[in-house]
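Worksheet: one structure, shown below.
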Amino acid sequence: MSVDYDLVVIGMGAHAHKLVGFAAQSGARVAWIGEGNRNLDNLFGNLYDVTKIGQSVSASYLFKQLANKHCASPPLSQFTLLKKQINLILKGICSDESLETLQSLGVDVIWGEVKFLSQRRGAQILTVDEHHADKFRNYTPKQISSRAFAIATSQVPSPRQIFGLTDQHFLTVNQLFNLEKPPQSMVILGDDSLSCVIAQLLNLVGIPIKLITDRSHILPDIDVTTARTLQAQLEVEGIEIYTRTQVTAVTELEHDHVKLWLNGSTLDCDRLLIPESTPHLDIHCDRHIYPCGNDRDIDFIRQRVLQTNLLELFRSSPLPIPVPTFVPTSPPLAQIGMTEALAAKQYRAKLVVLESYVEQMGLCKIVCNQHGQILGASMVGEQAKVVVDAIAMAMQSKIKIQDLRGLPELGLVEQWQQLHRSQQQQIKLKDWFTWRRDWNF
């Protein structure tokens, strides 16, 4: 039985976007389905791929510029202004640029409600109730078949995993921006880009924010040094961040307040936000349906679904072209390729890490192998996206760090040369003492 696509990706998260990009590069026939209405007025609730919010500046920076003009406004006006600014940011910057790029590569971008209908000879059949401005009378949902489906999953715990938590106890992102008045306080259960951006924006309008994650730091897919630098900035601004903390239960208090039961303590809040980005689907057990919630999932799907050489099907190989990740906080954060921890597992002692801090630009960290090949880079600072985009171009062109002519302000080439000279000197000294011992001089 023939199928329509090699891969169908459901959900509009950052990892879904990255997977679609890899699939398009491989030459596979790909469909990307965004649940919800394509109407831009509701875009924040349906397309919160924060890697695309603010291609050159952060979302919070744009809001600060506008908020400064209304600094005397009451909290309710500030909150209304925040919701409008979010929509303006998404309409003006996030709207169609990235989607058009993918469509030019042959990706079919579809908007609508999805549901797995049935199985037919081992292949899942998906129905898509597309959103059109005016549906004609005899409209029937589209049916799509594919060799494989990837579903964008959230990295936060599912509400079903927390005892006592029901739909009435927490807000989704869409519900948050439908509130008429700002909450008195808010706890955000999450550590991804979306959670950080929302936490910072709400904190700007004076709402006390607590961010809870069961990991050692926020942004677990980002390099530890870079992520913790941003985490420190958020804490300086007044956001309380609870790491290695797990919410085990929730009980309801008066006036929609909730009590959260943590590892060994409790926490009261006016509102609980869970930025759940996982599509609600009735999924049949099928080996051709994959979760897509982190870089490991992407690599696994690429090997299983997008591998073009059958002999290499069960072997791991590097990703073809790294896709940058952009976190539009203030300061913004960007990353491409391997983190230091991931590279250390593969290259071990044969690893060189360069770090540079320039006050006007920010903290930049580059990971290379012993020959100068750039394996990954991350940066937090106002110039993060510009710098990481330049490094991405160098990686695609296979330019080594010692041959990198751009970004002289960071002094990366000089740092590499100094480290290289030090290593050569250590090798000479080691050889000298070895020779003396061998000949007993």
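One table, with the values for the structure above:
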read-out	value
Normalised convex hull volume, the stretch 192-244, alpha-carbon set, Å³ per residue	61 Å³
Restraint check, Lys259/Lys345; Lys18/Lys400; Lys345/Lys398; Lys115/Lys365; Lys18/Lys142, Cα-Cα greater than 32 Å	Lys259/Lys345; Lys115/Lys365
Stretch gain in nm, segment Thr80-Asp403, where the contour uses 0.36 nm per residue and the Cα spacing is subtracted	111.3 nm
Pair Ser104, Met393: separation of 7 Å Cα→Cβ label points (nm)	1.6 nm
Using distinct alpha-carbon pairs, which all enter the 1/r mean, Kirkwood radius of the stretch 323-397 in Å	12.3 Å
Ranked order, Glu409, Glu355, Glu254 - accessible area, probe 1.4 Å, largest first	Glu254, Glu409, Glu355
Extension gain from Thr225 to Val358, taking 0.36 nm per residue of separation minus the Cα-Cα distance	46.3 nm
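The values are calculated or read from the model by the stated rules, or taken from the named source; none is laboratory data. Nothing here was measured: the structure is a model prediction, and the numbers come from that model. No Cβ is skipped: glycine too gets one built from the backbone with ideal geometry, and neighbour counts run over all protein chains shown. Keep in mind that these areas ignore ligands, DNA and RNA; they rest on the heavy atoms of the full protein, side chains included. Shrake-Rupley method; radii C 1.70, N 1.55, O 1.52, S 1.80 Å.
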